[in-house]
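What follows is a single structure, and I will ask about it in a moment.
Throughout, read-outs are computed from the coordinates displayed, never taken from laboratory work. The structure displayed is predicted, hence computed values, not measured ones. Cβ coordinates were reconstructed from backbone atoms using ideal geometry, including for glycine residues, and neighbour counts include every protein chain displayed.
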Amino acid sequence: MSYALITGASKGIGKELAVSLAKRKYNLLLVARTEPLLKEIAKELEQTYGVSVQYNAIDLSAADAAEDIIAWCQKGGYDVSVLVNNAGYGLHGAFEKLSLDEQLNMMWLNMSTMVQLTHLALPLLKRHSGKSYILNIASTAAYQAVPYLGVYSATKAFVLSFTRALRQEMKGSNVSVTCLSPGAVETHFMERAGMDKVNKIVKQAKKFEMQPNVVAEFGIKALLSGKAEVIPGVGNKVGAFANRLLPKNAVEGVAKGLYSPEK
């Protein structure tokens, strides 16, 4: 069986995407920063599902990370048929008060690393003898501007737009491209973004929060069935559709009230 290359695979949705693919007997190439977690996951998946799991502990926000990953794949002679661009994070707060360096780092990881890795991996995916797949992880935040998550939501809008465009370009080839846009998921995203101490945000998230394994299954099923994009959860789908119909100023005003850092 060929290999699936997954970034941000040490926890959360990334880990569950690895589990979902391992269940389908894909060998795995796992990439994230934390080597102890990767080592633990690799051992667990190999023992549970009988697949080969290789891992590479690397900072994906580094400028040369994508090149290093592809060089690793080529050196190992891995037949890559699936690329999952999952690595990314958010930052919550007023744009002018958040660190510029942190925001630029987030932009690089969420967008530039994804584009670089996709560009460099395409020759490997096209070389595979059968069907190949790319899954990019966006967010329901991609469907509207989100005050106090402004740069993050903009990066995810980029991911969605890029994915849909690339999907059209890849038609007629062996590569199918899909976008997964989750809403609130029970992961460490809110803590990393600095949202976990704002009670109104936490309460709102709890209403729609999904488990990462459920979201991952949505994504992998959509990927393997060749769908353009998938939004897990009925509430999330309704919200994304409503954002297309309602006046932008009204939608953004509601989002501003919800995501304001004031408790």
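Between rounded, prolate and oblate, where does the stretch 3-259 land on the alpha carbon gyration tensor, with a ≥ b ≥ c its root eigenvalues, rounded for a/c under 1.5, else prolate if a/b exceeds b/c?
On the way: a/c = 1.65, a/b = 1.51, b/c = 1.09.
Taking the square roots of the gyration eigenvalues as a ≥ b ≥ c, the stretch 3-259 is prolate.
Next up: Would you work out the relative contact order for the chain, in percent, from Cα pairs under 8 angstrom that are 6 or more residues apart? Show your work: numbers first, answer last.
Values: 479 pairs, mean separation 50.7, N = 263.
This gives 19 percent for the chain.
Turning to a different aspect of this structure: Would you mind ranking ILE69, ILE6 so that the residue whose beta carbon has the fewest other beta carbons within 10 Å leads the list?
Numbers: ILE69 22, ILE6 27.
Ascending number of Cβ neighbours within 10 Å: ILE69, ILE6.
Okay, next question. Separation between the ALA154 and ALA63 pseudo-spin-labels, each 7 Å from Cα along Cα→Cβ, expressed in nm?
2.2 nm
Roughly what angle does helix 150-170 make with the longest principal axis of the chain, taking Cα atoms, 0 to 90 degrees, to the nearest 10?
That works out to roughly 40 degrees.
Measure nothing but the geometry: give the 0 to 90° angle between the long axis through the Cα atoms of 35-49 and the longest principal axis through the Cα atoms of the chain, rounded to 10°.
60 degrees
Modelling each spin label as a point 7 Å along the Cα-to-Cβ direction, I'd like the TRP72/ARG244 distance in nm, to one decimal.
3.7 nm
Ok, one more. Taking the 0 to 90 degree range and rounding to the nearest ten, how far is the long axis of helix 234-245 tilted relative to the main principal axis of the chain, both from C-alpha atoms?
Helix 234-245 and the main axis of the chain meet at about 60 degrees.
Assuming R0 = 35 Å, what is the FRET efficiency of GLU262 and LYS237, from their Cβ-Cβ distance, to the nearest 0.05? Intermediate values should be presented prior to the final figure.
Working: r = 29 Å, r/R0 = 0.84.
Once the sixth-power term is evaluated, E becomes 0.75.
Taking the simple approach of a point 7 Å from Cα along Cα-to-Cβ for both LYS43 and ASP79, what is their distance in nm?
Distance between label points: 3.0 nm.
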